[in-house]
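Below you'll find the structure, written out as structure tokens, and then a few comments.
The values are calculated or read from the model by the stated rules, or taken from the named source; none is laboratory data. What you see is a predicted model; the values in this text were computed from it and never measured. Quick reminder, even Gly has a Cβ in these numbers, built from the backbone with ideal geometry, and neighbours come from all protein chains shown. Side chains included, ligands, DNA and RNA excluded: accessible areas come from the protein's heavy atoms. Shrake-Rupley method; radii C 1.70, N 1.55, O 1.52, S 1.80 Å.
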Amino acid sequence: MWNRVEQTAREVFGTFGFGEIRPPIFEPTELFARAVGGETDIVSKEMYSFQDARGDLQEMREMIRNLVLPVVNETWTHASLDLLQKFQSRLGEAMRTGEVRQDEEDRRYYEYFSQGIAHYHLVLSGGIESNKLEIERTFRLLKLAAAGITLGPSVSLRPEATASVCRAYIENGMHAWPQPVKLYYMGPMFRRERPQKGRYRQFYQIGAEVLEMVPPNQDPAKNIGKDAAVDAEVIEMVMAFFGRLGLEGVKLEINSIGDRECRPKYVELLRAELMKVKDKLGPDSQRRIETNPLRVLDSKLESEQGIIAGLPRIADHLCGNCAGQYAEVKRQLGMRGVAYAENWRLVRGLDYYMRTTFEITARGLGSQNAVCGGGRYDGLVELLGGPPTKGIGFAIGEDRLILSLQEAGKGGVAQGRDVFVAWMGENAQATAIAAAQKLRAAGFRVELPPVEQKFRKALDQANRLGARYALILGDDEIATGQWTVKTLADGSQTKMSEAEFLEMLRKSL
Ligand code: AMP
């Protein structure tokens with residue numbers, strides 16, 4: 001199933017002129033914080049981040065972390081003091097030379113650590129026995145301070161891949177390639193979410209991006225028609241992909257969320273309106289009035305639906321360019337025969353979207369029914385240090401896509417076989433092996449049972465595997481060279497030579 005889905009994606013995306021890119025699984029945390037947005041749930045709560053620290057400093061810190069107070073005696077206190085001082089002086093040097101990057105917080109922790117050592121000296125000079133508790137306390141402080149210091153860059157498992165594709169566009173100078181650059185990717189993404197049906201902490205996405213550098217002095221208003229056609233073609237491509245897979249109950253919703261011109265004004269208006277009804281909203285929405293009022297529109301809370309229905313709609317507040325583009329996207333979708341519904345509440349969770357946004361849902365997924373989300377993100381490449389560039393893309397949740405296909409009975413048998421070789425009797429095994437080798441070399445999918453099976457059991461298994469033909473090899477067949485071939489769909493059975501069988505397979509499969 002996974003193979004079929006991915007192969008179909010490659011085929012369909014290929015026909016639209018997309019090539020594959022394989023971004024890395026982890027990247028500097030900084031990249032996601034900047035691209036996705038530090039305020040988003042994804043970055044602030046859901047990312048798997050860790051310090052990429054190694055070398056002697058990291059080792060010394062580990063030793064300090066593991067220090068316990070077994071028998072506090074003179075040898076032990078001397079050894080531990082030695083380790084602490086070594087770490088301190090080596091760290092001080094690394095900070096001076098820039099080997100480890102220090103920000104204000106790191107310097108503060110370093111300061112705590114140094115004070116901790118001074119205090120440790122003091123406590124020890126008062127004798128060990130009477131100060132055991134104080135020694136322990138000081139140690140806890142020293143461990144905390146050491147843990148707080150950054151010893152290496154922070155890296156994160158990717159929660160999404162658009163940021164990486166944009167980074168790759170910049171680093172590989174893709175703005176000099178023929179524009180637009182059309183890329184797709186597939187692979188695992190990681191988010192620390194509460195697992196449930198259709199929501200996992202490691203999940204798979206298939207996505208695509210269209211990136212196009214904006215030539216200097218280009219009048220942005222002039223290209224509204226072109227951008228709209230690109231948006232529509234990207235959406236058409238996803239729908240063609242889902243169509244080819246036979247995904248059922250597919251619904252496409254679209255919206256425009258404006259641009260840097262008109263969205264801030266709309267957000268302010270929305271915030272003001274929300275303030276008026278603040279008391280009637282739940283705690284999540286109340287918080288979002290401040291942090292991200294657009295996300296209130298996402299709310300599924302029953303009690304808020306009436307209020308939300310009466311809020312101002314962004315479609316009525318788009319600037320001329322955005323309104324023009326939105327109208328053109330709809331016309332373009334119409335020309336391509338892509339059915340859609342407008343949903344003014346579709347805002348998407350990530351900071352980088354502008355203008356066109358869309359989401360696709362499918363049947364059989366319960367509440368986690370979104371299989372694809374996407375939108376336009378002009379300006380993201382520039383934000384990451386590249387030239388002014390337009391972008392549009394989407395990400396498909398592959399796990400959910402497969403769930404939906406399976407619910408609809410489109411999962412099919414695991415792999416299917418062309419031929420199941422049912423052999424009986426010791427003499428037949430050698431012939432069966434030789435037959436399987438020939439058939440496989442000719443490209444057919446063959447199942448060869450490792451041990452002899454009773455006739456009925458062999459046929460049962462052949463059926464369960466979804467085999468097209470059972471090749472039956474027993475003493476008779478070996479003796480006469482006439483093989484028995486059963487067509488499993490209708491149960492009919494005929495005899496033929498090896499050459500005839502191969503010929504028949506070639507014609508029928
Ligand atoms: P997003 O990157 O949040 O726009 O998500 C795009 C698509 O990825 C969604 O429509 C889902 O189908 C899928 N997706 C997102 N998060 C998860 C998850 N935790 N588990 C499974 N699929 C997910």
Legend entry - The lone exception for residue 467 - which of (1) among the small types (Gly, Ala, Ser); (2) within 10 Å of residue 422 (Cα to Cα); (3) touching a Lys or Arg at 6+ places or on another chain (Cβ under 6 Å) it fails: (2)
Legend entry - Any chance residue 249 is without any contact (Cβ under 8 Å) to a residue 40 or more places away in the chain and open to solvent by less than 70 Å² (accessible area, probe 1.4 Å): no
Inset, instruction - Looking only at the range 344-359, count how many residues are touching a strand residue (DSSP E or B) at 6+ places or on another chain (Cβ under 8 Å) and open to solvent by 30 Å² or more (accessible area, probe 1.4 Å). - result: 4
Inset, instruction - Being more than 24 Å from the chain's Cα centre (by Cα), open to solvent by less than 10 Å² (accessible area, probe 1.4 Å) and either among the small types (Gly, Ala, Ser) or farther than 30 Å from residue 226 by Cβ (or both) narrows it down to one of 420, 455, 444, so name that one. - result: 420
Legend entry - Any hit, the range 201-211, residues being open to solvent by 50 Å² or more (accessible area, probe 1.4 Å), more than 15 Å from the ligand (Cβ to nearest atom) and touching a helix residue (DSSP H, G or I) at 6+ places or on another chain (Cβ under 9 Å): no
Legend entry - Looking only at the range 110-135, and only at residues there that are small (Gly, Ala, Ser) and within 18 Å of residue 85 (Cβ to Cβ), the one that is surrounded by the fewest Cβ atoms within 10 Å (Cβ to Cβ): 125
Legend entry - Selection from the range 312-324 of residues that are surrounded by 18 or more Cβ atoms within 10 Å (Cβ to Cβ) and either in contact with a Lys or Arg (Cβ under 8 Å, 6 or more places away or on another chain) or more than 21 Å from residue 353 (Cα to Cα) (or both): 314, 322
Inset, instruction - Identify, from the list 90, 107, the residue that is open to solvent by less than 90 Å² (accessible area, probe 1.4 Å), assigned to a helix (DSSP H, G or I) and among the basic types (Lys, Arg). - result: 90
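Every residue, every condition in (1) out of contact with any His (no Cβ under 8 Å at 6 or more places or on another chain); (2) within 16 Å of the ligand (Cβ to nearest atom); (3) under 30 Å from residue 240 (Cβ atoms), yes or no:
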{"site": "295", "(1), (2), (3)": "yes, yes, no"}
{"site": "316", "(1), (2), (3)": "yes, no, no"}
{"site": "325", "(1), (2), (3)": "yes, no, yes"}
{"site": "329", "(1), (2), (3)": "yes, no, yes"}
{"site": "348", "(1), (2), (3)": "yes, yes, yes"}
Legend entry - Failed criterion for residue 252 (all others in (1) within 29 Å of the chain's Cα centre (by Cα); (2) assigned to a helix (DSSP H, G or I) hold): (2)
Legend entry - Options 341, 362, 370; residue that is surrounded by fewer than 18 Cβ atoms within 10 Å (Cβ to Cβ), under 27 Å from residue 394 (Cβ atoms), among the aliphatic types (A, V, I, L, M) and under 21 Å from the mean Cα position of the chain (by Cα): 370
Legend entry - Residue among 101, 22, 10 that alone is open to solvent by 30 Å² or more (accessible area, probe 1.4 Å), modelled with pLDDT under 90 and basic (Lys, Arg): 101
Inset, instruction - Among the candidates 225, 258, single out the residue that is among the small types (Gly, Ala, Ser) and either under 22 Å from residue 4 (Cα atoms) or in a helix (DSSP H, G or I) (or both). - result: 225
Legend entry - Condition broken by residue 396, with the remaining ones in (1) modelled with pLDDT of 90 or more; (2) open to solvent by 30 Å² or more (accessible area, probe 1.4 Å); (3) within 13 Å of the ligand (Cβ to nearest atom) satisfied: (2)
Inset, instruction - Please indicate, with yes or no, whether at least one residue in the range 214-223 is in contact with a helix residue (DSSP H, G or I) (Cβ under 7 Å, 6 or more places away or on another chain) and hydrophobic (A, V, I, L, M, F, W, C). - result: yes
Inset, instruction - Would you tally the residues in the range 26-71 being more than 23 Å from residue 147 (Cα to Cα) and open to solvent by less than 60 Å² (accessible area, probe 1.4 Å)? - result: 9
Inset, instruction - Among the residues of the range 162-184, count how many are among the aromatic types (Phe, Trp, Tyr) and either more than 21 Å from the chain's Cα centre (by Cα) or surrounded by fewer than 21 Cβ atoms within 10 Å (Cβ to Cβ) (or both). - result: 1
